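Let me begin by presenting the structure, written as structure tokens, before commenting on it.
The values are calculated or read from the model by the stated rules, or taken from the named source; none is laboratory data. Source: prediction; values computed, not measured. Don't worry about glycine lacking a Cβ; one is built from the backbone with ideal geometry, like all the others, and counts go over all protein chains shown. Surface accessibility is based on the protein's heavy atoms, side chains included, excluding ligands, DNA and RNA. Shrake-Rupley method; radii C 1.70, N 1.55, O 1.52, S 1.80 Å.
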Amino acid sequence: MHSKNPHAKNPVKSASTKKTKKEEGRTNLQFGVGVCGSVLYLSRNINEDNDALGYTINAVYGGHKAYRFSAQYTKYIPIDIAPTWYDVKANTIEANIEAIVLFKNQKTILYPLAGFSYNTFKGYFTGANDFLNLKEIYGRNTTVRENWLGLNIGTGVEHAFGPLVLFCDYKMRIGKDGRKAAFNIMDVCYSGGVRLKIWVPTFHKLYRGINDKYHWF
């Protein structure tokens, strides 16, 4: 018969175990703002060093698994692509899925991405220096409006400073040129900014809580 040791202590849980228990059934949600540069409809922008600058708002959901989802809206500052286009305005709405590659420091993430975008382009077309012969489609001195769907392919990197996350990414948008049947690179863009990260219950956790009164918390 063994006697109990009065000096024996219960095992202490490690900090990593406590963190795992705390984050069980939870994931992170990020909201952020940033700036973006784009060649803005590559086949239309015939001038060098004439990228459009824009402002973005974005959101990212996930991170507790190998993939997460993101959404982004970008509005570009109007530019002139003289002498062919004037007062060019554009914006983009996109949704992507991102694969998470976590660095050893547990704070830096590389995220290859793919998704879809809806792009709008509006500008005044003069027909001058029309190397693409677009006047056969639009006519001279007309306001042109075009919408096109794009396939996003790119990659990005982010680093977390507590709840603040700095990010930058690079994307190519592949779409169908209205003048041709083939798919081409329609846009090349890059963006960067800052996001705020908060921990929230996963959809599965919320669903289980709603449907099981014994597991609400």
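Figures for the structure shown
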| item | result |
| --- | --- |
| Filter result (touching a residue at least 12 places away in the same chain (Cβ under 8 Å) and open to solvent by 60 Å² or more (accessible area, probe 1.4 Å)) within the range 133-154 | ILE137, ARG140, ASN141, THR143, ARG145, ASN147, LEU149, LEU151, ILE153 |
| Boolean, ILE79 is over 20 Å from ILE153 (Cα atoms) and either of a type in the set (D, E, K, R) or open to solvent by 20 Å² or more (accessible area, probe 1.4 Å) (or both) | yes |
| Answer residue from the range 143-158, given it is at pLDDT 95 or above and among the polar types (S, T, N, Q) and is farthest from GLN106 (Cα to Cα) among those | THR143 |
| Selected residue (only one of ILE109, ILE97 is assigned to a strand (DSSP E or B), open to solvent by less than 30 Å² (accessible area, probe 1.4 Å) and within 18 Å of GLN30 (Cβ to Cβ)) | ILE109 |
| Test: residue in the range 41-59 that is open to solvent by less than 30 Å² (accessible area, probe 1.4 Å), under 19 Å from VAL101 (Cα atoms), of a type in the set (S, T, N, Q) and assigned to a strand (DSSP E or B) | no |
| Subset tally (residues that are within 16 Å of the chain's Cα centre (by Cα) and open to solvent by 10 Å² or more (accessible area, probe 1.4 Å)) for the range 175-190 | 2 |
